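Have a look at the structure below before the remarks.
The values are calculated or read from the model by the stated rules, or taken from the named source; none is laboratory data. All values derive from a computational prediction rather than experimental measurement. Note: ideal-geometry Cβ built from the backbone for every residue, glycine included; neighbour counts use all protein chains shown. Remember, those area values only see protein heavy atoms, side chains included, never the ligands or the DNA or RNA. Shrake-Rupley method; radii C 1.70, N 1.55, O 1.52, S 1.80 Å.
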Amino acid sequence: MGSVAYSHQALAIANLTMADSLTASRWADLDRLLLRPGNLVGPGFEPGPELLDSLQNDLRVLVIGAGGLGCELLKDLALSGFGHIDVIDMDTIDVSNLNRQFLFRMQDVGKPKAEVAAQRVMQRVKGVTVVPHFCRIEEKDVSFYQDFQIIVLGLDSLEARSYINSVVCGFLEYEEDGSPNLATLKPLVDGGTEGFKGHARVIFPGITPCFHCSLWLFPPQVTFPLCTLAETPRSPAHCIEYAHLIQWGQERQGESFDADNPEHMKWIYDQAVKRGEQYNISGITYSLTQGVVKNIVPAIASTNAIVAATCALETLKIATMCSTGMDVYMQYTGTEGIYMRTVPHDKDPNCIMCSPGVPVEVDNTITLQKFLDQLLKDSRFKLKLSKPSVSYHDHNLYMQAPPVLEEMTRPNLQQSLLDLMDGNTVGVLNINDRRLTGVLRVRVTFKEGLDSIDMDTVGGG
Ligand SMILES: [Zn+2]
């Protein structure tokens, strides 16, 4: 009993000392999370000063996008103790950004967002290193993304999210038993806003739904039926879309429309005004033309701040396990009052990005034709496949039908499969066949010297 009383007393003293150091520390708020145990901590959480130390010195976080969300994210992460942040963005600063992208000033207009944002955050938050990358995300080697422990997305395009998702899902490897190899898992934290609406979510590829698993979440972009545009325009947007989608192709044949080219935009605007006069539709302005053509939704600073704060907090949770993470998708609506909820989503077991697929080992010199022969002989697929078509990511490697596509893809049959898969020694192929109800995912691993064995062993089944 004596020893229990003693340890209580020791604990009380320890708490007191800690309380003193809490008030003194620059990271007092963080200390409350990282130096004490709690009921809500994540699996394997060990409180102690090492956590802050690793946040500041070991961990590398990549922020993608230095716009409305990106500025908020960089500030939040730097102030949350993250010491090494990289930021990538291909844009330069526009005067219209200044109302919400608060790291930028008038004199920065025209300069790369990533560079100015990095500089500003380093000036304001002592001790943080922010490395800017002024380029497109596709310009970086895939290995660039491998170097970060967590990737945080502050993007406004589905294509860019999809691309990063496919990169991190590409890192994911599965164990023999079909469970994801945790060492290959790269967490993504994704934020998005549109006007007064926003979302934040956490993606652990192979464990929680990836971006591709829940593509259905994104509503299709607003489009107008072509017949309305052509026959019965009723709104300024109808006139603008007519000029954009129909007149441009008719009157400026062979020129591809560039929404960032002011002359192109002016042309669309002029045509739309003329069409408006014809149909007695007023209210067509140059900025509305830009908005309709570029599908611009007004950006709201507070939505960005709320979504970025949620993303930064989730990043901190993943990095330290100081709390269990969100499950898995947070929705925010600020149109009428404030509404926020978190919804668990299910993984798509047949997702072409993150599900394991049926493992198949092939020789690294195998051609696509020989690979197809091997599949047809494989006892696991024998009854399921008759005339398989094969694709890799977005590329049709071989299509059995229609005849035009068959002819186009036929030369690939004699190509090396490894080359067709961009030299990746592990990858997932999608197999379509009229005998299959859905897509068959086959996880191909290339090995050396399998050629002679393959046909015998696999053919036996
Ligand atoms: Zn998925």
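Does ASP58 meet the test of being over 27 Å from PHE196 (Cα atoms), modelled with pLDDT of 95 or more and acidic (Asp, Glu)?
yes
Checking GLN101 against (1) part of a helix (DSSP H, G or I); (2) of a type in the set (S, T, N, Q); (3) in contact (Cβ under 8 Å) with a residue 24 or more places away in the chain, which single condition isn't satisfied?
(1)
May I ask you to list pairs of residues, at least six apart or on different chains, whose Cβ atoms are under 6 Å apart, with the first in region 203-215 being outside the structural domain of GLU314 (by TED's automatic domain parsing) and the second being near the ligand (Cβ under 7 Å from one of its atoms)?
Within 6 Å, no pair qualifies.
So which residues in region 170-202 are within 12 Å of the ligand (Cβ to nearest atom) and open to solvent by less than 10 Å² (accessible area, probe 1.4 Å)?
LEU172, LEU188 - these are the residues of region 170-202 that are within 12 Å of the ligand (Cβ to nearest atom) and open to solvent by less than 10 Å² (accessible area, probe 1.4 Å).
Determine which member of the set PRO132, PRO209, PRO233, PRO205 is out of contact with any strand residue (DSSP E or B) (no Cβ under 9 Å at 6 or more places or on another chain), outside any helix (DSSP H, G or I) and open to solvent by less than 70 Å² (accessible area, probe 1.4 Å).
So the residue among PRO132, PRO209, PRO233, PRO205 that is out of contact with any strand residue (DSSP E or B) (no Cβ under 9 Å at 6 or more places or on another chain), outside any helix (DSSP H, G or I) and open to solvent by less than 70 Å² (accessible area, probe 1.4 Å) is PRO233.
Can you tell me which residue is most open to solvent (accessible area, probe 1.4 Å) among those in region 317-373 that are among the polar types (S, T, N, Q) and within 16 Å of the ligand (Cβ to nearest atom)?
ASN350
Being in a helix (DSSP H, G or I) and either of a type in the set (A, V, I, L, M) or open to solvent by less than 70 Å² (accessible area, probe 1.4 Å) (or both) narrows it down to one residue among ALA118, ALA66; which is it?
Selected residue: ALA118, the only one of ALA118, ALA66 that is in a helix (DSSP H, G or I) and either of a type in the set (A, V, I, L, M) or open to solvent by less than 70 Å² (accessible area, probe 1.4 Å) (or both).
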